[in-house]
Amino acid sequence: MSLHPPAPAWTYWANFLTLCVLTVVTWFTACQDLGVMSTPIALGIAVIKAGLVVLFFMHVWESTPLTKLVIFASLFILTVLLTFLFTDYMTRNYDVLPPVPAVSSRV
């Protein structure tokens, strides 16, 4: 077990209430017509919620610097991969249809 003292209960309650508020914000933004901003806003809220869970419920806030470095490096790699994914997705042109071959009128 670790040698650090347990976190006070108010930190867990504050984190829980923050996650509940962010869940309501997620639901509210999902009900609104935000156009192309729906996905970035939903991803931003999800990243904040995941960060809170990792930092407090998984005790990364009190962990060693090596653990924090590993988590930061993995998040950096994930960010690079998601950047390439969305760059590829946004540069696709799905409106252009392939040419239709000509049909012969002879029967």
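The values are calculated or read from the model by the stated rules, or taken from the named source; none is laboratory data. If you're wondering where the values come from, they're calculated on a predicted model, not measured in any experiment. A quick note on method: Cβ atoms are made from the backbone with ideal geometry, for glycine too, and the neighbour counts reach across all protein chains shown.
Some notes on this structure:
- Single residue of Asp95, Asp88 found to be part of a helix (DSSP H, G or I), charged (D, E, K, R) and without any contact (Cβ under 8 Å) to a residue 24 or more places away in the chain: Asp88
- Only one entry in Leu75, Leu97, Leu55, Leu17 is loosely packed, with under 10 Cβ neighbours inside 10 Å and aliphatic (A, V, I, L, M), namely Leu97.
- Single match in Val21, Val36 (criterion: over 30 Å from Thr87 (Cα atoms) and in a helix (DSSP H, G or I)): Val21
- Lone qualifier among Leu17, Leu52 - being touching a residue at least 12 places away in the same chain (Cβ under 8 Å) and either outside the structural domain of Thr79 (by TED's automatic domain parsing) or not acidic (Asp, Glu) (or both): Leu52
- For segment 58-72, taking the residues that are β-branched (Val, Ile, Thr) and over 20 Å from Thr11 (Cα atoms), the one that is surrounded by the most Cβ atoms within 10 Å (Cβ to Cβ) is identified as Ile71.
- Residue list for segment 39-64, restricted to those being of a type in the set (S, T, N, Q) and not in a helix (DSSP H, G or I): Ser63, Thr64
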